[in-house]
Amino acid sequence: MGGRGAPDDLRLAHLTQEWLATSDDPEARTSGGYWHHLRRLEPSPAVHDERFQAQLLDHLVRFTATRLA
């Protein structure tokens, strides 16, 4: 998860959260969204796929033996 093969620099991890919390930039003043490196991105299409979500929950129930209420 870390080291030379890590996909990102952990030292920069807080910058977007700090910008969203303190900036007067109109882009930062929006509500909701998926953010990465001060840019709003579209999440994976799977977030809108209810069938995928149900399958994922089914797999997690089998893996953890814990059913959600």
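The values are calculated or read from the model by the stated rules, or taken from the named source; none is laboratory data. Note that the structure is predicted; figures quoted are calculated from it, not measured. When we count neighbours, we look across all protein chains shown, and the Cβ atoms used for this are built from the backbone with ideal geometry, even at glycine. These accessible areas exclude ligands, DNA and RNA; they are computed on the full protein's heavy atoms, side chains included. Shrake-Rupley method; radii C 1.70, N 1.55, O 1.52, S 1.80 Å.
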Any pair with Cβ under 8 angstrom, 6 or more apart, that starts in the stretch 41-69 at a residue that is farther than 30 Å from Ala28 by Cβ and ends at one that is open to solvent by 70 Å² or more (accessible area, probe 1.4 Å) and part of a loop (DSSP other than H, G, I, E, B) = Leu57/Leu68; Leu60/Thr66; Val61/Arg67; Val61/Leu68
More than 20 Å from the chain's Cα centre (by Cα) and of a type in the set (S, T, N, Q): does that describe Thr30?
-> no
Run down Arg11, Arg40, Arg4 and say which single residue is within 30 Å of Leu57 (Cβ to Cβ), of a type in the set (Lys, Arg) and either out of contact with any Asp or Glu (no Cβ under 7 Å at 6 or more places or on another chain) or open to solvent by 70 Å² or more (accessible area, probe 1.4 Å) (or both).
-> Arg40
Flagged pairs (Cβ under 8 angstrom, 6 or more apart or on separate chains; first in the stretch 16-37, under 24 Å from His48 (Cα atoms); second acidic (Asp, Glu) and part of a loop (DSSP other than H, G, I, E, B)) are Tyr34/Glu42
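Does the stretch 50-69 contain at least one residue that is part of a loop (DSSP other than H, G, I, E, B), touching a helix residue (DSSP H, G or I) at 6+ places or on another chain (Cβ under 6 Å) and exposed (fewer than 11 other Cβ atoms within 10 Å of the Cβ)?
yes
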Selection from the stretch 4-25 of residues under 16 Å from the mean Cα position of the chain (by Cα), closer than 18 Å to Arg40 by Cβ and not in a helix (DSSP H, G or I) yields Asp8, Ala13, His14
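From the residues in the stretch 26-37 that are of a type outside the set (Gly, Ala, Ser) and surrounded by fewer than 10 Cβ atoms within 10 Å (Cβ to Cβ), which one is farthest from Val47 (Cα to Cα)?
In the first step, residues of the stretch 26-37 are kept if they are of a type outside the set (Gly, Ala, Ser); the result is 26-27, 29-30, 34-37.
Then drop every residue that is not surrounded by fewer than 10 Cβ atoms within 10 Å (Cβ to Cβ), which leaves 26, 29, 36.
Values: Pro26: 26, Arg29: 23, His36: 17 Å.
Once the filter is applied, the top-ranked residue is Pro26.
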